[in-house]
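Remarks on the structure that follows.
The values are calculated or read from the model by the stated rules, or taken from the named source; none is laboratory data. Computed from a prediction, not measured in an experiment: that's the story for all the values here. Please note: Cβ atoms are built from the backbone with ideal geometry, for glycine as well, and neighbour counts cover all protein chains shown. We work out accessible area using only protein heavy atoms, side chains counted, and drop any ligands, DNA or RNA first. Shrake-Rupley method; radii C 1.70, N 1.55, O 1.52, S 1.80 Å.
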Amino acid sequence: MKFGIIRECKNPPDKRVVLPPALCQTVIEKYPKAQIIVKPSSVRAFADQEYRDIGVEVANKMAECDVLLGVKEVPIKDLIPNKKYFFFSHTIKKQPYNRDLLRAILEKNIELYDHEVITSLKGIRLVAFGRYAGIVGAYNGVRAYGLKSGRFELPKAETLKDQQALIAELQKIKLPNIKVLLTGKGRVGSGAKEMLDGMNLKKVTVDEFLHQTFDEPVYCQIDASEYNKRKDGVRGNKADFFANPEEYRSDFFRFAKVTDLYIAGHFYGDGAPYLYTREDVKHLEFNIKVVADISCDIDGPVATTIRASTIAKPIYGYHPQKEKEVDYLKPEAIAVMAVDNLPAELPRDASNGFGEAFSKHVIPAFFNGDKDGILKRSQMTKNGKLTKNYKYLQDYVDGKE
């Protein structure tokens, strides 16, 4: 089995990689029948020489490989027909901007395996960059607070080596006695929590956060059961919420009244209520000054996120009354950090974390007959057609929706 690590060609190019050098070495040692070829890249976070140093071939030989491994979408012109590809296709939610990509994949008889749907039997995602999105997102949120308030300036995350370097910068600053709210307790929320703990912020309970004042900065981490409540008044829980989201309404505003910096690291599902609306933001009691929206659903549950921002320009302002973008430094503006590819700012750490999961869960499937169904569940296309689990995308491909 010959694996090819492609050069990331989406513009701007991503520095991350599915398998860093050390993990290539691990795979080759564990699976003698595995061969890895790396396409040369001047952008990748790991230099070509780092692969050569451990004996991995670096060459323009992707056409010779059986399986091609990438991170972001492969431009249509670069797709090699009749190959197996792994990358984030951003098509499973029928994203209009990638309809032609999925069409091309089908036309070129490519077997597409999407990282986003590599799951266990219980449907739990096995490979993801979420933790690193949380790590960088929390750092960027604190950085945005410093710029918005004029209290301090932190260097951009992309200029720092790794997570420890980010934490070291956070430990240098002194926050006033603000309240920081973090939504989500999954990979993203856990990554963000690592950073808040790393800067030694005091964690408080929901009741303390809502009703007490402090002479130091504090944070509170909440999940869906704490910022939503059932419409019928019956006591709900997280499991019930995910099973019946339409039965709930947002109970987030009580947090918005006392929060200064909000870090959004939650998962948002279809049918769930928005955390806060544009009308909520107009309310005089809405206190949030800075939003770090790691989840980054445009015009979605975090109403101040009206577009994604970029690594180059990560912060913009939202004017509550005018409902439009303004300079984030204006007094009336809410500063919004909504970068949609945060892990790319910490490419080596993110690649190592992702690669560990990929080599643990996915690589073995090629050598054990896919006994756990890892490949079968994540395969979106085969023989020029959508596979059974992804037939729901047919009308999207045909342009009917």
(message) Restricting to region 296-325, name every residue that is open to solvent by less than 30 Å² (accessible area, probe 1.4 Å) and part of a strand (DSSP E or B).
(response) Val302, Ser309, Ile315, Tyr316, Gly317, Tyr318, His319
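For (1) aliphatic (A, V, I, L, M); (2) modelled with pLDDT of 95 or more, each residue gets a yes or a no:
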residue	(1), (2)
Pro273	no, no
Ala292	yes, yes
Ser295	no, no
Lys322	no, yes
Ala344	yes, no
Gly355	no, yes
Ser359	no, yes
(message) Anything in region 211-232 that is open to solvent by 70 Å² or more (accessible area, probe 1.4 Å), assigned to a loop (DSSP other than H, G, I, E, B) and at pLDDT below 95? List them, or say none.
(response) Lys231, Asp232
(request) Could you please find all residues in region 1-57 being of a type in the set (Gly, Ala, Ser), surrounded by fewer than 17 Cβ atoms within 10 Å (Cβ to Cβ) and at negative phi? (result) Ala22, Ser42, Ala47
(request) Check whether at least one residue in region 376-388 is among the hydrophobic types (A, V, I, L, M, F, W, C) and surrounded by fewer than 18 Cβ atoms within 10 Å (Cβ to Cβ), and report yes or no. (result) no
(request) For region 326-355, name all the residues that are open to solvent by 10 Å² or more (accessible area, probe 1.4 Å) and among the polar types (S, T, N, Q). (result) Asn341, Asn352
(message) Please count how many residues of region 130-150 are more than 18 Å from Gly186 (Cα to Cα) and β-branched (Val, Ile, Thr).
(response) 1
(message) Checking Ser250 against (1) more than 21 Å from Glu216 (Cα to Cα); (2) open to solvent by 70 Å² or more (accessible area, probe 1.4 Å): exactly one of these is not met. Which one?
(response) (2)
(message) Can you tell me which residue is surrounded by the fewest Cβ atoms within 10 Å (Cβ to Cβ) among those in region 143-167 that are out of contact with any helix residue (DSSP H, G or I) (no Cβ under 6 Å at 6 or more places or on another chain), aliphatic (A, V, I, L, M) and over 24 Å from Val18 (Cβ atoms)?
(response) Leu147
(message) Looking at Asp280, Asp293, Asp260, Asp299, can you tell me which residue is closer than 27 Å to Pro314 by Cα and without any contact (Cβ under 8 Å) to a residue 12 or more places away in the chain?
(response) Asp299
(request) Would you check if Ser351 is touching a residue at least 60 places away in the same chain (Cβ under 8 Å), in contact with a Ser or Thr (Cβ under 8 Å, 6 or more places away or on another chain) and within 26 Å of Arg44 (Cα to Cα)? (result) no
(message) For a quick check of your reading of the model, give me the residue pairs whose first member lies in region 163-181 and is touching a residue at least 12 places away in the same chain (Cβ under 8 Å) and over 29 Å from Tyr276 (Cα atoms), whose second is surrounded by fewer than 18 Cβ atoms within 10 Å (Cβ to Cβ) and not basic (Lys, Arg), with beta-carbon atoms closer than 6 Å and at least 6 apart or on different chains.
(response) Ile173/Phe152
(message) Go through (1) within 21 Å of Pro347 (Cβ to Cβ); (2) out of contact with any Phe, Trp or Tyr (no Cβ under 8 Å at 6 or more places or on another chain) for Lys193 and report which single condition fails.
(response) (1)
(message) Checking the structure you have, find out if any residue of region 76-93 is of a type in the set (Asp, Glu), without any contact (Cβ under 8 Å) to a residue 40 or more places away in the chain and either surrounded by fewer than 22 Cβ atoms within 10 Å (Cβ to Cβ) or more than 30 Å from Met337 (Cα to Cα) (or both).
(response) no
(request) Assess whether Tyr262 counts as being touching an Asp or Glu at 6+ places or on another chain (Cβ under 8 Å), within 27 Å of Leu210 (Cα to Cα) and surrounded by 19 or more Cβ atoms within 10 Å (Cβ to Cβ). (result) no
(request) Residue by residue through region 195-210, note down the ones that are touching a helix residue (DSSP H, G or I) at 6+ places or on another chain (Cβ under 8 Å), buried (at least 18 other Cβ atoms within 10 Å of the Cβ) and of a type in the set (A, V, I, L, M, F, W, C). (result) Met195, Leu196, Met199, Phe209
(request) Collect the residues in region 307-332 that are hydrophobic (A, V, I, L, M, F, W, C), free of Cβ contacts under 8 Å to residues at least 24 places away in the same chain and farther than 24 Å from Ala165 by Cα, keeping them in residue-number order. (result) Val326
(request) Mind counting the residues in region 168-194 that are open to solvent by 20 Å² or more (accessible area, probe 1.4 Å) and under 30 Å from Ile124 (Cβ atoms)? (result) 7
(request) Read through the list (1) over 25 Å from Thr305 (Cα atoms); (2) touching a Pro at 6+ places or on another chain (Cβ under 6 Å), then give the number of the only condition that Ala272 fails. (result) (1)
(message) So, Arg235, is that one in contact with a helix residue (DSSP H, G or I) (Cβ under 8 Å, 6 or more places away or on another chain) and at pLDDT below 95 or not?
(response) no
